[in-house]
Amino acid sequence: MREVSVYVKTEQIDKLGKKDTIKIKSNGKMYDKNGETYIVYKEKLGNEKESVTTTIKISKEEVSIKRFGTVNSNMVFNKEKPSLSRYHTGQGIFEIKIDTKKLDIIKHEGSMDIIINYDINIVDLFEGYNNIKIEVQYK
């Protein structure tokens with residue numbers, strides 16, 4: 001198990017072209033299990049007081065991002081097939097459709113970049129396009 005620094009930048013662009021950017025920086029742990037890589041860290045979402053535990057699972061064909069805490073979700077990114085997930089919040093459960101357009105995992109000496117571009121549809125609430133860049137620095 002390695003100590004890591006995780007930097008996540010998410011750009012969300014709605015149908016009208018309005019862009020929001022979210023940046024998160026955290027420390028966590030990274031380990032390999034059964035041929036897959038896991039990155040686990042805590043983050044605060046929006047104005048939440050409590051932290052959410054985030055687990056990024058990197059396998060050969062896909063990346064999944066699971067969150068546990070004040071929100072619960074499991075978003076799966078796979079270029080070959082769209083996915084459907086549920087996002088559980090204090091305000092209710094939202095159904096999210098994801099259509100991954102780009103998924104790159106680039107490993108460097110002492111770091112890794114994960115780039116995910118995808119169409120997102122939160123049923124009856126939001127439709128747009130997201131770009132996520134996750135930078136992981138090994139300690």
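The values are calculated or read from the model by the stated rules, or taken from the named source; none is laboratory data. Computed from a predicted structure; not experimentally measured. All Cβ positions, even for glycine, are placed from backbone atoms using ideal geometry, and neighbour counts span all protein chains on display. Side chains are part of the model used for accessible areas, which takes the heavy atoms of the whole protein and leaves out ligands, DNA and RNA. Shrake-Rupley method; radii C 1.70, N 1.55, O 1.52, S 1.80 Å.
Details
- Pairs with Cβ under 7 Å, 6+ apart, first in the range 51-72 and on the phi > 0 side of the Ramachandran plot, second part of a strand (DSSP E or B) and open to solvent by less than 20 Å² (accessible area, probe 1.4 Å): GLY69/VAL52
- Residue in the range 62-70 that is of a type in the set (Gly, Ala, Ser) and within 16 Å of GLU36 (Cβ to Cβ) present: yes
- Residue among SER111, SER85 that alone is under 21 Å from MET1 (Cβ atoms) and among the small types (Gly, Ala, Ser): SER111
- Any chance ILE105 is of a type in the set (A, V, I, L, M), modelled with pLDDT of 95 or more and surrounded by 16 or more Cβ atoms within 10 Å (Cβ to Cβ): no
- Some residue of the range 113-124 being among the acidic types (Asp, Glu), at positive phi and assigned to a loop (DSSP other than H, G, I, E, B): yes
- For the range 125-139, the set of residues classified as part of a strand (DSSP E or B) and open to solvent by 30 Å² or more (accessible area, probe 1.4 Å) consists of PHE126, GLU127, TYR129, ASN131, LYS133, GLU135, GLN137, TYR138, listed by residue number.
- Selection from the range 98-112 of residues that are part of a strand (DSSP E or B) and charged (D, E, K, R): ASP99, LYS101, LYS102, ASP104, LYS107
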